[in-house]
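Presented below is the structure to which this report refers.
The values are calculated or read from the model by the stated rules, or taken from the named source; none is laboratory data. Every value quoted in this text rests on a predicted model; they were computed, and no experiment measured them. Cβ placement follows ideal geometry from the backbone for every residue including glycine, while neighbour counts extend to all protein chains displayed. The accessibility values were calculated without ligands, DNA or RNA, using every heavy atom of the protein model including side chains. Shrake-Rupley method; radii C 1.70, N 1.55, O 1.52, S 1.80 Å.
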Amino acid sequence: RESDRQHLVNEIESRDLTPSLLICSVGVLGRFGSFADTSFSTHRSVIDLNITSTLDIIYHLIPKMKQLPSSRILILSSTAAYQPVPNLAVYGATKSFLLDFSHALRIELSGTTISVTCATPPATMGTNSFYAAGMESTPYFKHVHLSSLAVVVKRIIDDVLKGAITVC
């Protein structure tokens, strides 16, 4: 929610904090089902969380981050950014947006001290996403390979610290 995002920004401001590493790791799948059979409010919630909240926080923190000798922004997208995702169409589209946005933002900030990386990890064990979306009983879920969360996180952090553009 916008009020929660504003509260976070206000807390950072009131404590005079400046993040040297901003990790934008938000994401919700929505409900597993066709676009037309899923409520528009569900689609709107996915867009608000996955896109709007990410942009809002980054927008408000970039000015402070530019003042540091070096800082990094990590935006978590998904392998869903690279292909259509039937029955999770809005989720996939939001992840495509984040991938494109991160690349554009990296170029825009290239003359500053801020590095931008986009991570596009695969589906991982240890998250509740598939269950929250109601996918556990679908044929799709039975065939998806879930990667180790610890392995994926380590690879992402290692690559971010190297200044990679996109990591998977």
I'd like the full set of residues that are in contact (Cβ under 8 Å) with a residue 12 or more places away in the chain, within 18 Å of Ser110 (Cβ to Cβ) and not in a helix (DSSP H, G or I), limited to segment 147-166. Gly163, Ala164, Ile165, Thr166
Condition broken by Val85, with the remaining ones in (1) farther than 14 Å from Cys118 by Cβ; (2) touching a residue at least 40 places away in the same chain (Cβ under 8 Å) satisfied: (2)
I need the full set of residues from segment 63-78 which are among the aliphatic types (A, V, I, L, M) and either within 13 Å of Ile23 (Cβ to Cβ) or buried (at least 19 other Cβ atoms within 10 Å of the Cβ) (or both), in order please. Met65, Ile73, Leu74, Ile75, Leu76
Can you tell me which residue within segment 79-92, out of those that are closer than 12 Å to Phe35 by Cα and part of a helix (DSSP H, G or I), is most open to solvent (accessible area, probe 1.4 Å)? Ala89
Determine which single condition His60 fails, assuming it passes every other condition in (1) at pLDDT 95 or above; (2) surrounded by fewer than 17 Cβ atoms within 10 Å (Cβ to Cβ). (1)
All but one of (1) modelled with pLDDT of 95 or more; (2) open to solvent by less than 10 Å² (accessible area, probe 1.4 Å) hold for Glu108; state the number of the condition that does not hold. (2)
Hits in segment 11-40 (condition: out of contact with any strand residue (DSSP E or B) (no Cβ under 7 Å at 6 or more places or on another chain), open to solvent by 80 Å² or more (accessible area, probe 1.4 Å) and either over 19 Å from Ser96 (Cβ atoms) or of a type outside the set (Phe, Trp, Tyr) (or both)): Glu13, Ser14, Arg15, Asp16, Leu17, Arg31, Ala36, Asp37, Phe40
Val46 fails exactly one of (1) modelled with pLDDT of 90 or more; (2) surrounded by fewer than 19 Cβ atoms within 10 Å (Cβ to Cβ); (3) hydrophobic (A, V, I, L, M, F, W, C); (4) more than 23 Å from Ile157 (Cα to Cα), namely (2)
All but one of (1) under 26 Å from Arg44 (Cβ atoms); (2) of a type outside the set (Phe, Trp, Tyr); (3) modelled with pLDDT under 95 hold for Asp100, so report the exception by its number. (3)
Of the residues that make up segment 96-111, is at least one part of a loop (DSSP other than H, G, I, E, B), touching a residue at least 24 places away in the same chain (Cβ under 8 Å) and over 14 Å from the mean Cα position of the chain (by Cα)? yes
Working carefully through the options Leu55, Leu68, find the one that is at pLDDT 95 or above, under 26 Å from Ile157 (Cβ atoms), of a type in the set (A, V, I, L, M, F, W, C) and in a loop (DSSP other than H, G, I, E, B). Leu68
